[in-house]
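The values are calculated or read from the model by the stated rules, or taken from the named source; none is laboratory data. Remember, predicted model here, so these are calculated numbers, not experimental data. Glycine also receives a Cβ, built like all others from the backbone with ideal geometry; neighbour counts cover every protein chain displayed.
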Amino acid sequence: MAKRLIPLFNRILVEKIVPPSKTNAGILLPEKSSKLNSGKVIAVGPGIHSKDGKLIPVAVNEGDTVLLPEYGGTEVKLDNKEYHLYRDDDILGTLHD
Amino acid sequence: MAKRLIPLFNRILVEKIVPPSKTNAGILLPEKSSKLNSGKVIAVGPGIHSKDGKLIPVAVNEGDTVLLPEYGGTEVKLDNKEYHLYRDDDILGTLHD
Amino acid sequence: MAKRLIPLFNRILVEKIVPPSKTNAGILLPEKSSKLNSGKVIAVGPGIHSKDGKLIPVAVNEGDTVLLPEYGGTEVKLDNKEYHLYRDDDILGTLHD
Amino acid sequence: MAKRLIPLFNRILVEKIVPPSKTNAGILLPEKSSKLNSGKVIAVGPGIHSKDGKLIPVAVNEGDTVLLPEYGGTEVKLDNKEYHLYRDDDILGTLHD
Amino acid sequence: MAKRLIPLFNRILVEKIVPPSKTNAGILLPEKSSKLNSGKVIAVGPGIHSKDGKLIPVAVNEGDTVLLPEYGGTEVKLDNKEYHLYRDDDILGTLHD
Amino acid sequence: MAKRLIPLFNRILVEKIVPPSKTNAGILLPEKSSKLNSGKVIAVGPGIHSKDGKLIPVAVNEGDTVLLPEYGGTEVKLDNKEYHLYRDDDILGTLHD
Amino acid sequence: MAKRLIPLFNRILVEKIVPPSKTNAGILLPEKSSKLNSGKVIAVGPGIHSKDGKLIPVAVNEGDTVLLPEYGGTEVKLDNKEYHLYRDDDILGTLHD
């Protein structure tokens, strides 16, 4: 059974971050509190060619934490873990502390 | 919890300016008075590549006050503050006193 | 309150010319008489990039009198005055005496 | 009141030719006889930029007699005369005796 | 009255060939027999510009016999004769004995 | 009556191969047995121009056996024989023993 | 009967991998267990031309194991074996142990 996926073109493989339902001190977070739809970049494709054939690399790197769009993403199960594939230009931005 | 977002491609992060409901002298402004849908640019992406691979930087800068389109914009909550993400070519212009 | 708007990309800011309802001699002009939908260019954006990254400046200049399309244009109120934003390629032509 | 219009981009200003209803000898021409939808070019725009920024001039010249498409054209009244604006690539061809 | 039309861009002027209803020996041809929708090229436009401004000439020449598509073509009456205008990329091919 | 057609642009002329209903030994082949929708290339066009004007030749050659798409193709009768015209980028591939 | 297909343009020929219904030890796998829609690349086309005529080769190679999209793919029967044709930019990624 395949364990690793190398995305093609400008696709990236993301493992979604499940937002904590409690604070570190164990207090339940309200359902509607600011839950970001974010994830960690596991693997990236080589990028896509511009109209005149130059390769434009993907805009994020492995290990980045990224803000995901509300919709979209293709679910992929690898080694019983769930990932999602996105095109890099659907990713809204990179998240930093 | 992520506190900072660096937009990707030609996206920009904007904090909307809430128009004052009263004048400085405390007089209530009529509901329909000229309320501009504007905001302050918090962060900008690197820009997008032209068809032949040249990077075209984003058209506004951090700190600019910008006139926003009537519709569009993706809401993003960071550190309990509300922001909006726009593509730079949806921004109508920069506002100046 | 912002008083000045610098349009972005190939947008231009126009102040519509209200056609006179009477001739100079005070004679009422018929409703249907040739009323041009025109305006004065107040401010212009820098233009847009061609597919291979060259900046193509806007096709009109501040101060030009322009023939506006029948539809379109985004209304913008600045300093209690009404303006309209257009993309330069929607403008039909420049008017001259 | 503006008397002259210089079209923008690849637009051209045309004055339609009203086909004669009688022959030179005064004989009434049948309604359906070959009436060409044609006009005279009054003014032309500078042309449009190709994808890589080169200016491609308009394909007709002032004074040309042109064959107009069955539909389209924006009506413009200047100095109480009626004209029509077309994009040059909608013009079918130039007419010659 | 105009007698000649020079097409613009990549348009071509064609005079349709009416397929014979009888063989040379006078035998009536069946209605459904292989009737090609073909025509003779009367005049051609200069061609169109590629995205980067090079002029690409029209793909057929005056005098060619061409296979026409089943649909399309703009009817044009010149000097009481009927012609049709096509864009050259709608023409299927050139016919030869 | 025209006997030969030279396709234009990236079109190719194909004569469909009628799959045998019996094996060489005369055994009737089941209706649903693997019948490929294929044909022989009779004539090819010159190809089409890329966006910047370079001619990109057609991807198949006269004499090739090609796998045809399930739909599409324009029927053409020449000299009482039936052919089909395709654009080369609709052809799925070339078939080999 | 043709036995081999060489795809055209950026198409690739894939033989789907039928996921095992039992583990190596013979234990029945649950219906819904992580079954990847994958296949082995049998043959690849030459690639497609960029807008300015450069040939961009296909992104996968013969022998690669690839993750297939949920939908799409054209079924092709060759020598009584079933294959599927995809465009390379529909392929999600390459799978590795």
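Values for this structure:
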| item | result |
| --- | --- |
| A:Asp97 being over 11 Å from the mean Cα position of the chain (by Cα) and under 23 Å from B:Tyr86 (Cα atoms) | yes |
| Per-region count, the range G:77-86, residues within 20 Å of G:Gly47 (Cα to Cα) and out of contact with any Gly (no Cβ under 8 Å at 6 or more places or on another chain) | 1 |
| Meets criteria (modelled with pLDDT of 90 or more and among the polar types (S, T, N, Q)) for B:Asn61 | yes |
| Filtered residues of the range G:50-60 (kept if more than 8 Å from every other protein chain (Cβ to nearest Cβ) and in contact (Cβ under 8 Å) with a residue 12 or more places away in the chain) | G:Val58 |
| Residue check for F:Val18: surrounded by 19 or more Cβ atoms within 10 Å (Cβ to Cβ), under 28 Å from G:Asn80 (Cα atoms) and of a type outside the set (D, E, K, R) | no |
| Residues of the range G:61-93 that turn out to be under 23 Å from A:Pro7 (Cβ atoms) and touching a residue at least 24 places away in the same chain (Cβ under 8 Å), as a count | 17 |
| Any hit, the range F:20-28, residues being within 14 Å of chain G (Cβ to nearest Cβ) and touching a strand residue (DSSP E or B) at 6+ places or on another chain (Cβ under 6 Å) | yes |
| Unique match (being within 12 Å of chain A (Cβ to nearest Cβ) and closer than 30 Å to F:Ile56 by Cα) among G:Gly63, G:Gly47, G:Gly73, G:Gly39 | G:Gly47 |
| Elements of type strands (runs of 3 or more DSSP E) in chain A, at least 1 residues being of a type in the set (D, E, K, R) and within 25 Å of G:Glu70 (Cα to Cα) | A:4-7, A:11-16, A:38-44, A:74-78, A:81-87 |
| Output for the range E:44-56, where each listed residue is surrounded by fewer than 18 Cβ atoms within 10 Å (Cβ to Cβ) and either at pLDDT 95 or above or of a type in the set (A, V, I, L, M) (or both) | E:Pro46, E:Gly47, E:Leu55, E:Ile56 |
| Answer residue from the range C:76-89, given it is under 26 Å from D:Val14 (Cα atoms) and under 10 Å from the mean Cα position of the chain (by Cα) and is nearest to the other protein chains (Cβ to nearest Cβ) among those | C:Asp88 |
| Unmet criterion (only one of (1) within 9 Å of another protein chain (Cβ to nearest Cβ); (2) within 12 Å of the chain's Cα centre (by Cα)) for A:Lys16 | (1) |
| Failed item in (1) acidic (Asp, Glu); (2) in contact with a strand residue (DSSP E or B) (Cβ under 7 Å, 6 or more places away or on another chain); (3) surrounded by fewer than 16 Cβ atoms within 10 Å (Cβ to Cβ), with D:Glu70 passing the rest | (2) |
